[in-house]
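Undergrad: Got a structure here, written out as structure tokens. Questions coming.
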Amino acid sequence: MTSWKTEVRQFARREWGPLLLTVRDALVRDKWRAVPMTLGAVALTSVFQIVQNTPWGFQPVQDLGSVKAADPLWLALLRTPLSLFVPALDLPVWGALAQILLVFGIAEICIGWWRTLLIGYVATIAGTTYARIGLSLGPDHPFGLPVTDRIVNDTGPSAAVVGLAIYVCWRYRAYLTGALVILVMIGEVLVKNNLAGKEHLAAIAAVMAVCVVRAKWGPARSRAPLGPRPPAPPSSPAPPGSARL
């Protein structure tokens, strides 16, 4: 039993230790100043939620950040930067705010604010692009979409959150956690075969491609895991009289 517990602790230290140490040290040192972009994103999302639920504000928010596959591609790309912070109409806003605060916050601390936004937009644009490809494939294709998804309001941070989770797990070598995220997203598609679930898989594929490119052709620092390495547990002293080999 003791050996099993020790192995679990060692695994947890390897899997999550560098990530937790990085986040803890930043929050202890800088408090909320460690995540200014994340706090701004939470505030912007909250403002959009309040405004879009007023009689006068719904249409302006849609014009600024609503993306649909039926829209021209240039218009969808123009609205994409703000679409990340427009809460989905059919989901509770607290879910979007919690996702941004937790995942964006961890990513901002671990990889910096501009990489957080970059990876988030790569994932979001991958989902937006997939929606158009899926519609062209049609509902009979395994990766296709029904024509009704042309008018689905495709907003919110979920694709960016999934992409950021995968990227941070790769940079901190939390491979099992990243694999669990992928399995959960696959399970989402199997249980609820909708546009959002398939867009999440597209976001994962795009971010994994980024990881492969950086690992193979990126700078040397991309191949080294980020974060401080947690100290190894002290080895037990050798019993009296034992010889060193």
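The values are calculated or read from the model by the stated rules, or taken from the named source; none is laboratory data. As the structure is a prediction and not an experimental result, all values here were calculated from the model. No Cβ is skipped: glycine too gets one built from the backbone with ideal geometry, and neighbour counts run over all protein chains shown.
Undergrad: Show me the helices (runs of 4 or more DSSP H) found entirely inside the stretch 53-149 where at least 2 residues are touching a residue at least 40 places away in the same chain (Cβ under 8 Å), under 30 Å from TYR172 (Cα atoms) and in contact with a Ser or Thr (Cβ under 7 Å, 6 or more places away or on another chain).
TA: Fully inside the stretch 53-149 and qualifying: 73-83, 93-99, 105-111, 113-137.
Undergrad: Specify the residue that is modelled with the lowest pLDDT; the eligible residues are those in the stretch 15-32 that are surrounded by fewer than 13 Cβ atoms within 10 Å (Cβ to Cβ) and under 21 Å from the mean Cα position of the chain (by Cα).
TA: TRP32
Undergrad: Kindly indicate which of THR128, THR124 is more than 27 Å from LYS31 (Cα to Cα), more than 15 Å from the chain's Cα centre (by Cα), crowded, with 19+ Cβ neighbours inside 10 Å and among the polar types (S, T, N, Q).
TA: THR128
Undergrad: Follow-up question, since we're still on this one. Collect the residues in the stretch 197-225 that are surrounded by 20 or more Cβ atoms within 10 Å (Cβ to Cβ) and under 22 Å from THR148 (Cβ atoms), keeping them in residue-number order.
TA: Within the stretch 197-225, LYS198, GLU199, HIS200, LEU201, ALA202, ALA203 meet the criteria.
Undergrad: Might you check whether a residue that is at pLDDT 90 or above and either assigned to a helix (DSSP H, G or I) or under 28 Å from SER3 (Cα atoms) (or both) occurs anywhere in the stretch 216-225?
TA: No: zero hits.
Undergrad: Would you pick out the residues in the stretch 26-35 that are touching a residue at least 40 places away in the same chain (Cβ under 8 Å) and farther than 17 Å from LEU164 by Cα?
TA: ALA26, LEU27, ALA34
Undergrad: Still on this structure: Would you confirm whether or not the stretch 154-164 contains a residue that is within 19 Å of ALA70 (Cβ to Cβ), assigned to a loop (DSSP other than H, G, I, E, B) and free of Cβ contacts under 8 Å to residues at least 24 places away in the same chain? Break it down stepwise before answering.
TA: First, pick out the residues of the stretch 154-164 that are within 19 Å of ALA70 (Cβ to Cβ): 154-156, 159.
Narrowing the set further to residues that are assigned to a loop (DSSP other than H, G, I, E, B) leaves 154-156.
Subset that is free of Cβ contacts under 8 Å to residues at least 24 places away in the same chain: none.
Taking every residue of the stretch 154-164 in turn, none turns out to be within 19 Å of ALA70 (Cβ to Cβ), assigned to a loop (DSSP other than H, G, I, E, B) and free of Cβ contacts under 8 Å to residues at least 24 places away in the same chain.
Undergrad: Out of curiosity, is LEU19 in contact with a Cys (Cβ under 9 Å, 6 or more places away or on another chain), over 30 Å from LEU135 (Cα atoms) and in contact (Cβ under 8 Å) with a residue 24 or more places away in the chain?
TA: So LEU19 fits the description; yes.
Undergrad: Return the total of residues in the stretch 52-72 being within 18 Å of ASP90 (Cβ to Cβ) and under 26 Å from the mean Cα position of the chain (by Cα).
TA: Here the count works out to 9.
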